[in-house]
Amino acid sequence: QVQLVESGGGLVQPGGSLRLSCAASGNIANINVMAWYRQAPGKQRDLVATLTSGGFINYADSVKGRCTISRDNAKNALYLQMNSLKPEDTAVYFCNAELRPSDTYTFRRYWGQGTQVTVSS
């Protein structure tokens, strides 16, 4: 069974940094796109950053210059380094992966359970 598990969230002061991690486990044949999303209370889930297997990266305008997405394909892991954090970055951060389980021939999207990031003094 495929599973995505995020870690690294927490409480940080404005201007601080956090590094989120996401580990994909299970019988995985291929991972295409991996991404981070976030959802603030009462708001929709928004894309933060994406990273394809080919290395193409896209960031939301709100985090450009402050966040860096990276992945370790050997570990099926995804990371998000967040710097210069602002109170408006407060949200639950979700890992998303478009992957193919070993027992199928089709790709589908999987979600992690989320990790809370709170930016407050």
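The values are calculated or read from the model by the stated rules, or taken from the named source; none is laboratory data. Keep in mind that this is a model prediction, so the values were computed, not measured. Note that we place each Cβ from the backbone using ideal geometry, even for glycine, and neighbour counts take in every protein chain shown. For accessibility, only protein heavy atoms count, side chains too; no ligands or nucleic acids. Shrake-Rupley method; radii C 1.70, N 1.55, O 1.52, S 1.80 Å.
Considering only segment 2-51, give the strands (runs of 3 or more DSSP E) lying wholly within it that have at least 1 residues that are β-branched (Val, Ile, Thr) and under 12 Å from Thr90 (Cβ atoms).
Here the list reads 10-12.
Restricting to segment 22-35, name every residue that is closer than 19 Å to Asn58 by Cα and either open to solvent by less than 30 Å² (accessible area, probe 1.4 Å) or of a type in the set (D, E, K, R) (or both).
Hits for segment 22-35 are Cys22, Ile31, Met34, Ala35.
Please indicate, with yes or no, whether at least one residue in segment 47-60 is of a type outside the set (Lys, Arg), within 25 Å of Ser121 (Cβ to Cβ) and touching a Phe, Trp or Tyr at 6+ places or on another chain (Cβ under 9 Å).
Just the residues of segment 47-60 that are of a type outside the set (Lys, Arg), to begin with: 47-60.
Right, trim to within 25 Å of Ser121 (Cβ to Cβ) and you get 48, 60.
Checking the rest, the ones that are also touching a Phe, Trp or Tyr at 6+ places or on another chain (Cβ under 9 Å) come to 48.
The answer is yes, given that some residue of segment 47-60 is of a type outside the set (Lys, Arg), within 25 Å of Ser121 (Cβ to Cβ) and touching a Phe, Trp or Tyr at 6+ places or on another chain (Cβ under 9 Å).
Could you list, in sequence order, the residues of segment 54-66 that are without any contact (Cβ under 8 Å) to a residue 24 or more places away in the chain and either surrounded by fewer than 16 Cβ atoms within 10 Å (Cβ to Cβ) or within 13 Å of Lys86 (Cβ to Cβ) (or both)?
Hits for segment 54-66 are Gly54, Gly55, Phe56, Ile57, Asn58, Ala60, Asp61, Lys64, Gly65, Arg66.
Scan segment 67-101 for residues that are open to solvent by 70 Å² or more (accessible area, probe 1.4 Å), among the polar types (S, T, N, Q) and either in contact (Cβ under 8 Å) with a residue 40 or more places away in the chain or not in a strand (DSSP E or B) (or both) and jot them down.
To start, the set of residues in segment 67-101 that are open to solvent by 70 Å² or more (accessible area, probe 1.4 Å) comprises 68, 73-75, 86-88.
Of the ones still in play, those that are also among the polar types (S, T, N, Q) are 68, 73.
Within segment 67-101, just Asn73 meets the criteria.
Would you be able to say whether some residue in segment 65-76 is aliphatic (A, V, I, L, M) and over 16 Å from Gln1 (Cα atoms)?
yes
Would you check which residues across segment 1-16 are open to solvent by 60 Å² or more (accessible area, probe 1.4 Å), in contact (Cβ under 8 Å) with a residue 60 or more places away in the chain and more than 15 Å from the chain's Cα centre (by Cα) and list them?
Leu11, Gln13, Pro14
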